[in-house]
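The values are calculated or read from the model by the stated rules, or taken from the named source; none is laboratory data. Quick caveat: nothing in here was measured; it's all calculated off a predicted structure. A quick note on method: Cβ atoms are made from the backbone with ideal geometry, for glycine too, and the neighbour counts reach across all protein chains shown. The accessibility values were calculated without ligands, DNA or RNA, using every heavy atom of the protein model including side chains. Shrake-Rupley method; radii C 1.70, N 1.55, O 1.52, S 1.80 Å.
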Amino acid sequence: MAKERLFFNSDIFEGGRRRQRPARPQKTWIEPSRTLPVFAECDVLVVGGGPAGTAAAVSAARLGADVILLERYNHLGGLSTGGLVFWIDRMTDWDGKPVIRGFAEEIFDRLPKEYVRGPARADWGSRDAATAAYWAVRSAAFHGIVTFSPMVCPERLKLVSLDLAEEAGARLVLHGWASVPIVEGGAVRGVVFESKEGRQAIFAKVTVDATGDGDIFHRAGVPSESDIEQNDIHHCMNTAWIWAGVDMKRWMEFRTGDPKGFSAFMALGREQVGHFERPFSAWRDDVALFMGPRQSGFDGLNLDDLTDVEMLSRRLMWRHLEVFRAHAPGFAGAYPVQSAPQMGVRHTRRLVGVEKIVRAQWDDGSPLATEVGVSTSLSPKFRNVSVPYGALLPRQIDGLLAPGRHLSCDATSHSFMREIPQCWLTGHAAGAAAGVAANRGVAPRDVDIAEVQAALLKQGAYLRPAADAVSKRDGTSG
């Protein structure tokens, strides 16, 4: 993939130091069978309360489905909150038109203005050089074009996500980790999960795998892909952190007004720290976000690798702090507020689905007949990308949908389809489909796509004329 199609392509650090690892025993243990209590039965079970899972739960519940949202952490939002990835990538296309709408747009309607920072709506799509330059260093302008790519307060985003789920009528089950799917008759019928109460089961008419790693579909025997783009950060791992007590206005003045000084500072940081990176602005000027050096060569499904990246990232945070306090304008009084409780894993598995988002769509841009959402593209050179329903639907096995960063796409398209707005988009679509399937008593692969599209349109999603025409022709558009 050409460099101009990549963001942050230079911010990749080849695998850091690994601990000495003892060989794992070449032994097995046969787990005794036992009878498990059933925790609940529902219409739609959503596994994972990240951006995709939260959107899916809200969408399905608003269609009248009895929904359970199972989340292993103590909050909703996933990487957008617990992962401190509160820089929300482009929700507008290169003309400034908002295309990732519906649930994603509602999130921002509910966030108080003091907890969001991004370009004013009038500037979306602006090619004015001064405006673009201002927002470029604030991660909201690319290729000389201003985009709606806001910074948000992760704690407020947790609350908004929680409110939306509860108001829709979804039942939240936090601190529960799904372990294996219940598969009967060629379909997923629910999951077994672990919690402080022990091992229990939840049965559902439709299960939505929003784990991000495809844990449920993988353990149900659904095939996946794992090839990567070596030059893109989409396969890297990191732990983010935030500092307070900073003066980001002063830092920005230094970064933009003294290019030689900034280059010298970054060189000093690389010399003293090695894996060294610059801060991002946040939703307020006394807070700085560090995404954490992005480590390649680690596997997000390997416990030892996950442990090593956590240890490396947390040590790097303190080494960064020493350099920034001593040498960076605006950081003399910086202090750590939080390092992310959730690992920043971008890629592990991708679903082998009924349909697949592929590189050729970037040039074509045509709405697909099964379109359930529209994604922005990586560059003004490319068209908006039609997201087909089949990209959320396993090619084999019934009763299951899989939105989020593990959807069906090629490695190149994954570089942006894994982002937070795209997860909101695909989760919203999966939730609508799951709700329709449960209400109609059919498998997700047998839903009427026009009914799903109509439900999405009623919930504010953006679909192009081809998809809209299907709904109107069948008399289902609202």
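Tabulated values for the structure
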item: Tabulated pairs, the stretch 116-130, first surrounded by 11 or more Cβ atoms within 10 Å (Cβ to Cβ), second assigned to a loop (DSSP other than H, G, I, E, B) and among the aliphatic types (A, V, I, L, M), C-beta under 6 angstrom, 6+ apart or interchain; result: GLY118/ALA140; PRO119/ALA140
item: Those strands (runs of 3 or more DSSP E) lying entirely in the stretch 175-214 with at least 3 residues in contact (Cβ under 8 Å) with a residue 60 or more places away in the chain and open to solvent by 40 Å² or more (accessible area, probe 1.4 Å); result: 198-209
item: The stretch 36-72, residues that are farther than 27 Å from ALA454 by Cβ and surrounded by fewer than 24 Cβ atoms within 10 Å (Cβ to Cβ); result: LEU36, PRO37, VAL38, PHE39, ALA40, GLU41, ARG72
item: Subset of the stretch 145-174 (residues that are within 30 Å of TYR134 (Cβ to Cβ), open to solvent by 10 Å² or more (accessible area, probe 1.4 Å) and either of a type in the set (S, T, N, Q) or in contact (Cβ under 8 Å) with a residue 60 or more places away in the chain (or both)); result: CYS153, GLU155, LYS158
item: Search result, residues across the stretch 220-232 that are under 29 Å from LEU312 (Cβ atoms) and open to solvent by 10 Å² or more (accessible area, probe 1.4 Å); result: SER224, GLU225, SER226, ASP227, ILE228, GLU229, GLN230, ASN231
item: Residue list for the stretch 355-402, filter: in contact with a Gly (Cβ under 6 Å, 6 or more places away or on another chain), of a type in the set (A, V, I, L, M) and surrounded by fewer than 18 Cβ atoms within 10 Å (Cβ to Cβ); result: none
item: Odd one out for ARG405 among (1) surrounded by 19 or more Cβ atoms within 10 Å (Cβ to Cβ); (2) not in a loop (DSSP other than H, G, I, E, B); result: (2)
item: Of all residues making up the stretch 318-349, the number that are within 25 Å of HIS75 (Cβ to Cβ) and assigned to a loop (DSSP other than H, G, I, E, B); result: 8
item: The stretch 79-101, subset of a type in the set (Gly, Ala, Ser) and out of contact with any Ser or Thr (no Cβ under 8 Å at 6 or more places or on another chain), residue surrounded by the most Cβ atoms within 10 Å (Cβ to Cβ); result: SER80
item: Hits in the stretch 434-452 (condition: in contact (Cβ under 8 Å) with a residue 40 or more places away in the chain and among the charged types (D, E, K, R)); result: ARG445
item: Flag for GLY431 being part of a helix (DSSP H, G or I), free of Cβ contacts under 8 Å to residues at least 40 places away in the same chain and either crowded, with 21+ Cβ neighbours inside 10 Å or of a type outside the set (A, V, I, L, M) (or both); result: no
item: Conditions (1) modelled with pLDDT of 95 or more; (2) out of contact with any His (no Cβ under 9 Å at 6 or more places or on another chain); (3) not in a strand (DSSP E or B); number of the one not met by GLN396; result: (1)
item: Qualifying residue in the stretch 363-373 (condition: over 24 Å from PHE298 (Cβ atoms), assigned to a loop (DSSP other than H, G, I, E, B), of a type in the set (Ser, Thr, Tyr) and at pLDDT below 95); result: yes
item: Of residues in the stretch 345-386 being hydroxyl-bearing (Ser, Thr, Tyr) and under 21 Å from the mean Cα position of the chain (by Cα), the one nearest to PHE148 (Cα to Cα); result: THR376
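Residue-by-condition table, conditions (1) hydrophobic (A, V, I, L, M, F, W, C); (2) closer than 30 Å to GLY333 by Cβ; (3) in contact with a strand residue (DSSP E or B) (Cβ under 6 Å, 6 or more places away or on another chain):
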site: GLY198; (1), (2), (3): no, no, no
site: VAL208; (1), (2), (3): yes, no, yes
site: GLY214; (1), (2), (3): no, no, yes
site: ASP258; (1), (2), (3): no, yes, no
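Rundown of residues vs (1) over 21 Å from LEU84 (Cα atoms); (2) out of contact with any Asp or Glu (no Cβ under 8 Å at 6 or more places or on another chain); (3) of a type in the set (D, E, K, R); (4) surrounded by fewer than 22 Cβ atoms within 10 Å (Cβ to Cβ), yes/no style:
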| site | (1), (2), (3), (4) |
| --- | --- |
| GLY297 | yes, no, no, yes |
| LEU301 | no, no, no, yes |
| VAL323 | yes, yes, no, yes |
| HIS327 | yes, yes, no, yes |
